[in-house]
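The values are calculated or read from the model by the stated rules, or taken from the named source; none is laboratory data. Bear in mind the structure is a predicted one, so any value in this text is a computation, not a measurement. Methodologically, a virtual Cβ is constructed for each residue, glycine included, from the backbone with ideal geometry; neighbour enumeration extends over all protein chains shown. In case anyone asks, the SASA skips ligands and DNA or RNA and just uses the protein heavy atoms, side chains included. Shrake-Rupley method; radii C 1.70, N 1.55, O 1.52, S 1.80 Å.
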Amino acid sequence: MKNYVIIISGRGSNMEALLTANLPGRCAAVISNRPAAAGLVYAARQGVATVVVDHKAYPDRAAFDAALAAEVERHQPDLVLLAGFMRILSPAFVRRFAGRMLNIHPSLLPAFPGLRTHAQALENGVRLHGCTVHFVTPDLDTGPIVIQAAVPVLDDDTPESLAARVLAEEHRIYPQAARWFLEGCLHVDGLCVRLSRPGPIPAALSFPVG
Ligand code: GRF
C-alpha cells in the first residue's frame with residue numbers, strides 16, 4: 001500500500017478531509033512546523049503518528065528545510081501533501097520531492113498566488129473565486145494544476161464568508177486529487193496534468209451558483 005505524509009501549520013481542516021476520505025494509501029505521519037497546530041490533536045486522536053519540526057528551533061530556512069526533509073524521508077512517502085503549510089519551501093526541498101508533492105491553494109491559480117487570496121478576490125471584483133490543487137514546483141503557488149473548484153463571489157461577501165465557501169470546495173477537491181495520485185492516474189506533461197482513468201474525466205467542479 002502506498003504511503004503519504006501530510007504537512008500542516010494550523011487548523012488542519014484539509015488534513016481532516018484527507019484523513020477521512022478513505023484514500024487508497026496509509027497516512028504515515030502528520031508533520032507540523034508549529035507545536036500548537038490544532039490539526040495535530042485531531043490526527044493523534046485518529047491514531048496517526050504526529051511529529052513537530054518547529055521552524056523556530058532552526059537558525060535559517062535551509063536548516064529547517066533540511067530537518068523537515070529528513071523527517072519526511074524517514075516515512076518513505078509516495079506522496080507528500082501540503083495542507084495549510086504556511087512556510088515557503090526552498091528549491092532544494094521542492095526538488096527532493098518533485099513530482100510527488102501536492103499543495104492546496106485558496107484561489108483559482110494563476111490568479112492570486114500568495115496570501116490574502118479572498119481579500120484580493122474581493123478587491124479585484126472577480127465574479128468567480130475558488131481553489132486549486134497543484135504539484136509543487138520551486139516558484140510559489142505555481143506548478144501543474146490537478147484540479148480546481150470555482151464558487152461565485154456574492155455582492156455581500158466578506159473575506160471570511162468567501163473563505164468559508166471556498167474551504168468547503170477545498171475539502172472536496174484535495175482528497176480527489178490525492179486519490180488520483182495514489183491510484184497512479186496523474187501524468188504531468190509540462191505545465192499540464194493528464195488524468196488516465198477509466199470512464200469519463202469528471203469536470204470536477206461544483207458550481208453552487210444560486
Ligand atoms: C486553507 O485555505 C488552505 O488552502 C490554505 O490555508 C488554509 C488552511 O486551512 N493554504 P486548514 O489548516 O486546512 O484548515
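Computed quantities for the displayed model
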quantity: Heavy-atom accessible area order for His55, His105, largest first, 1.4 Å probe; calculated: His55, His105
quantity: Distant-in-sequence amide H partners of Met101 (H built 1.01 Å from N, under 5 Å); calculated: Val80, Val136
quantity: Listed peptides 110-116, 98-104, 63-69 by packing density, highest first (mean Cβ within 10 Å); calculated: 98-104, 63-69, 110-116
quantity: Under-5 Å amide H pairs with Ala49, H placed in peptide plane, nonlocal only; calculated: Val30
quantity: Listed residues Glu73, Glu123, Glu170, most fluctuating in the chain (Gaussian network, C-alpha, under 10 Å); calculated: Glu123
quantity: Distance between the range 1-58 and the range 122-181 - C-alpha centres, whole angstrom; calculated: 21
quantity: Length-normalised contact order for the chain - Cα pairs under 8 Å, 6+ apart - percent; calculated: 19
quantity: Cα-based helix-to-principal-axis angle, 61-74 vs the chain, degrees rounded to 10; calculated: 80
quantity: Cα gyration tensor of the range 105-171 - equivalent ellipsoid semi-axes, whole Å, descending; calculated: 20, 12, 9
quantity: Fraction of accessible area attributable to carbon and sulfur, the range 103-210 (%, probe 1.4 Å); calculated: 60
quantity: Heavy-atom surface of the chain, accessible at 1.4 Å and reported per residue (Å²); calculated: 48
quantity: Cα gyration tensor shape of the range 89-206, rounded if a/c is under 1.5, else prolate or oblate by comparing a/b with b/c; calculated: oblate
quantity: Debye log10 I(q)/I(0) for the range 1-97, one point scatterer per Cα, at q = 0.20 Å⁻¹; calculated: -0.95
quantity: Whole-number D in µm² s⁻¹ for the chain, Kirkwood Cα-pair radius fed into Stokes-Einstein, 37 °C, 0.692 mPa s; calculated: 188
